[in-house]
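The values are calculated or read from the model by the stated rules, or taken from the named source; none is laboratory data. As the structure is a computational prediction, the values presented were derived from the model and not from experiment. Using ideal geometry, Cβ is built from the backbone for each residue, glycine included, and neighbour counts are taken over all protein chains shown.
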Amino acid sequence: MPIRDTFSDQPHDGLPDDDPFEWIDGHGRRWTIVADPAGISLDCQDDRIEIPRERFTSDLYVSPVGEQVVVRFSGSDQEAGFLVPKSAAAALLARLRQQVATPDQRAEADRRATPPIRPDWPQMTATSVWALICAALAFLPFVGVGFAAAATVLIVRQRARTRLAPVTLHIRTMLAIAKWLVLWGLAVWALSTWTWYQPFPVDRLTSMETAQALGQVPRVALVLVVILLSLSVHEAAHAISAWWCGDGYARSLGRVTLNPKAHIDPFGTLILPFMLALSGLGVFGYARPVPVQLHGVRRFRRAHILISIAGPGSNLMLAALSFSLLLALGCVVRHVAPDVALRHFASLSPSLEAGGLSATALLAILASLLKLNTLINVVLAAFNLIPIPPLDGSWVLEHLFPQTLGRFYLRIRPYGFLIFIALFFTDAFDVLLEPCWFVVGQVNQLLWNCVGI
């Protein structure tokens, strides 16, 4: 938010006239704050935060929350957040602005405090996002045609309201992607719905036979490929949604990309999933988090919620795309070569023939990759929506309910990773992921009814 008297209608009686003054942060700690022409300094026992004037636009956050205001000071290695009356925030902002002595210095401070309006800053609309979501679900048997119709209406409506300009390039690109997804989804919907009613030419495999898997090393390699792709898409979605909301910081760091090199954490993305996959435990991994700076963004809380949801949402989109490809592949193979579909393709056990992989083996590997990608992304999306720090779900609830859950998360967030590790080795996650296991069961049932895998 610009460093100016944003709350000019409020009386400036919430801040003492003389420095220093004291505020109590969300952890109950009392900070002594000094605002001088050089910047702001905060002291609390042995902790100290210093913010020079040129860093106000990146290290000082102000966001109205009802009748109060969140003021957050971010230092080089720590931060302090306060929930204060509007009068106190107005007095602080007025003081910071008045400390600039000359009109030229005051104009320069306003220029730095207010983010420039970039003509090439991308725009995005909720209608475009909903069109893409509906288009991604158009492949589902029976109900897919309804999602296709909804997506078509949204696409037509948004295209009629979108002018041709550089800032609307992302909107038009998303609408084009949604259009092609509708066409693809309708084709898969017709094929899978028709296949649903076709009798199987031979007896289907038992659950024991369909449980046959690839060898351990090939399966671990496929899992790592899926994890790397899923985490890259997840973090890239956070970065591009922040860019759409008006924060280009992640983009300046090169995070608006699907290149895994920009997102991987050597331990969390590669070593940890590999060790867990080899041990037979549940696969878990993480990537480097995307940094955001929403100080100059309008509707700060809404932007933070959208950025947090974008990651799990991208995983669900990736799962839907993989599921549609797997469904289409299974239906085609079932009708073209039913024996292959039931005895090799479904068992996912490729064989070596004539010194190389057979076509059946390649189909099996592709089917295994698509199925793993579908299930892992569903689980990854549900997992990240668990409201435990540092997962995305905690940020959503913190900004949806800032005066209740927001204060609670502010206090426990420094210990969030310890809480997460403690719950990871208990049955708590199984309870929280119960809806996810239901969705996974429905995916497996749909695959079994349509293509017998």
Notebook entry, point to check: Any idea which residue in the stretch 251-269 is modelled with the highest pLDDT, counting only those that are buried (at least 16 other Cβ atoms within 10 Å of the Cβ), farther than 13 Å from Pro122 by Cβ and of a type in the set (A, V, I, L, M, F, W, C)?
Noted result: Ala262
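Would you confirm, using the coordinates I've provided, whether Val440 is β-branched (Val, Ile, Thr) and surrounded by 12 or more Cβ atoms within 10 Å (Cβ to Cβ)?
On the way: β-branched (Val, Ile, Thr): yes; surrounded by 12 or more Cβ atoms within 10 Å (Cβ to Cβ): yes.
Yes, satisfied.
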Item checked: Those residues of the stretch 399-453 which are modelled with pLDDT under 80, closer than 30 Å to Val188 by Cβ and of a type in the set (Gly, Ala, Ser), in sequence order -> Gly452
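Hey, can you tell me all the residues within the stretch 422-433 that are under 21 Å from the mean Cα position of the chain (by Cα) and either surrounded by fewer than 10 Cβ atoms within 10 Å (Cβ to Cβ) or not in a helix (DSSP H, G or I) (or both)? Write out each step before concluding.
As a first pass, look at the stretch 422-433 and keep what is under 21 Å from the mean Cα position of the chain (by Cα): 424, 429, 432-433.
Hit for the stretch 422-433 is Leu433, nothing else.
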Notebook entry, point to check: So how many residues does the stretch 231-290 have that are in a loop (DSSP other than H, G, I, E, B) and farther than 26 Å from Leu423 by Cβ?
Noted result: 11
Check: Identify, please: which residue in the stretch 151-205 is aromatic (Phe, Trp, Tyr) and modelled with pLDDT of 90 or more and is, among those, farthest from Thr125 (Cα to Cα)?
Finding: Trp189
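So which residues in the stretch 319-376 are hydroxyl-bearing (Ser, Thr, Tyr) and either part of a helix (DSSP H, G or I) or modelled with pLDDT of 60 or more (or both), if there are any at all? So that I can check it myself, show each step before the final result.
Kept after step one, since they are hydroxyl-bearing (Ser, Thr, Tyr), are these residues of the stretch 319-376: 322, 324, 347, 349, 351, 358, 360, 368, 374.
Of everything in the stretch 319-376, those that are hydroxyl-bearing (Ser, Thr, Tyr) and either part of a helix (DSSP H, G or I) or modelled with pLDDT of 60 or more (or both) turn out to be Ser322, Ser324, Ser358, Thr360, Ser368, Thr374.
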Next item on the list: Could you grab me the full set of residues in the stretch 401-411 that are in a helix (DSSP H, G or I) and exposed (fewer than 14 other Cβ atoms within 10 Å of the Cβ)?
Entry: Arg411
Item checked: Residue list for the stretch 36-86, restricted to those being modelled with pLDDT under 80, buried (at least 18 other Cβ atoms within 10 Å of the Cβ) and either small (Gly, Ala, Ser) or farther than 27 Å from Arg302 by Cβ (or both) -> Gly39, Arg53, Ser63, Ser74
